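Could you have a look at this structure, given as structure tokens, before my questions?
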Amino acid sequence: MQTNDMRQLTEKGKQIEDESFAIIDREAGIHNFPPEQWRIVQRVIHATADFEFKELMKFSTNAVPKGIEALKNGCAIITDVKMILAGLNENRLNAYGCKTYCFISDDDVIEIAKKNNSTRAIESMRKAHNLGILNESIVAIGNAPTALIEIARLVKEENARPALIIGVPVGFVSAKESKEIIMSLNEVEWIVSEGRKGGSTIAVAIIHALLTLTV
């Protein structure tokens, strides 16, 4: 793969990005993250200008290498909201043959959610599982804690095996708790932002950081 498939920045843009990361490194100070994990935390801070993520970002043991491997293998990327898809760099993903999926607005998902008094986020994760695309995928949840809780259930009860769960929903109802559930899983790898903070921007930053680590 040619690096120009992955990098679309102009020289000036690259200079600004490098300067931003240098500022982050300087202001963040000492940390205990291995280099590849720090690359991800660095990009999350870059996307948010929030240094608290230095304390909030948590990784399972093999999360980063598993995520890199999945991307190189052309994994599916399954999201809870279309906002994540809008932020992803299609050229970078296409270079590996990665396909993206978001079922939150599908008519059948909406219908089943209403019928079951469920949520669209829950039913969209179930649809991904029923379609057989969850295994070895990267699941990125930036908005809906119920989607994250459902993924955990699918792992525990229905043997779903995504390659990596990115669990960073933002909010006040179940966001913190949903992440704690994911961090209790031993069956799969995960990257999580502890507590209430998170969002689609964080999920996008994590995926892009993983993409930069593939080259």
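The values are calculated or read from the model by the stated rules, or taken from the named source; none is laboratory data. Here the structure is a predicted model, which is why all the values come from computation and not from measurement. As a convention, Cβ positions derive from the backbone with ideal geometry for all residues, glycine included, and neighbour counts pool all protein chains shown. The protein model used for the area step is the full one, side chains on, heavy atoms only, and it has no ligands, DNA or RNA in it. Shrake-Rupley method; radii C 1.70, N 1.55, O 1.52, S 1.80 Å.
Enumerate the helices (runs of 4 or more DSSP H) found wholly within the range 65-115, keeping only those where 3 or more residues are among the charged types (D, E, K, R) and either at pLDDT 95 or above or open to solvent by less than 20 Å² (accessible area, probe 1.4 Å) (or both).
So the answer is 107-115.
Taking the criterion of being in contact (Cβ under 8 Å) with a residue 24 or more places away in the chain, open to solvent by less than 60 Å² (accessible area, probe 1.4 Å), of a type outside the set (Gly, Ala, Ser) and assigned to a strand (DSSP E or B), would at least one residue in the range 117-140 satisfy it?
Yes, some residue in the range 117-140 is in contact (Cβ under 8 Å) with a residue 24 or more places away in the chain, open to solvent by less than 60 Å² (accessible area, probe 1.4 Å), of a type outside the set (Gly, Ala, Ser) and assigned to a strand (DSSP E or B).
Among the residues in the range 172-184, are any touching a Phe, Trp or Tyr at 6+ places or on another chain (Cβ under 6 Å) and under 14 Å from Ser60 (Cβ atoms)?
Yes, the range 172-184 contains at least one residue that is touching a Phe, Trp or Tyr at 6+ places or on another chain (Cβ under 6 Å) and under 14 Å from Ser60 (Cβ atoms).
Could you check, for the range 161-170, whether at least one of its residues is modelled with pLDDT of 95 or more, in contact with a Leu (Cβ under 9 Å, 6 or more places away or on another chain) and surrounded by fewer than 19 Cβ atoms within 10 Å (Cβ to Cβ)?
There is at least one residue in the range 161-170 that is modelled with pLDDT of 95 or more, in contact with a Leu (Cβ under 9 Å, 6 or more places away or on another chain) and surrounded by fewer than 19 Cβ atoms within 10 Å (Cβ to Cβ).
Considering only residues of the range 193-215 that are assigned to a loop (DSSP other than H, G, I, E, B) and touching a residue at least 40 places away in the same chain (Cβ under 8 Å), which is most open to solvent (accessible area, probe 1.4 Å)?
If we take residues in the range 193-215 being assigned to a loop (DSSP other than H, G, I, E, B) and touching a residue at least 40 places away in the same chain (Cβ under 8 Å), then Val215 is most open to solvent (accessible area, probe 1.4 Å).
Do we find a residue being closer than 16 Å to His208 by Cβ and either surrounded by fewer than 17 Cβ atoms within 10 Å (Cβ to Cβ) or not small (Gly, Ala, Ser) (or both) anywhere in the range 25-35?
Scanning the range 25-35, I find no residue that is closer than 16 Å to His208 by Cβ and either surrounded by fewer than 17 Cβ atoms within 10 Å (Cβ to Cβ) or not small (Gly, Ala, Ser) (or both), so the answer is no.
Can you tell me which residue is surrounded by the most Cβ atoms within 10 Å (Cβ to Cβ) among those in the range 171-187 that are part of a helix (DSSP H, G or I) and touching a helix residue (DSSP H, G or I) at 6+ places or on another chain (Cβ under 9 Å)?
For the range 171-187, the residue satisfying everything is Lys179.
So Trp190 ticks every box in (1) part of a loop (DSSP other than H, G, I, E, B); (2) crowded, with 18+ Cβ neighbours inside 10 Å; (3) in contact with a helix residue (DSSP H, G or I) (Cβ under 6 Å, 6 or more places away or on another chain) but one. Which box is left unticked?
Result: Trp190 passes all but (1).
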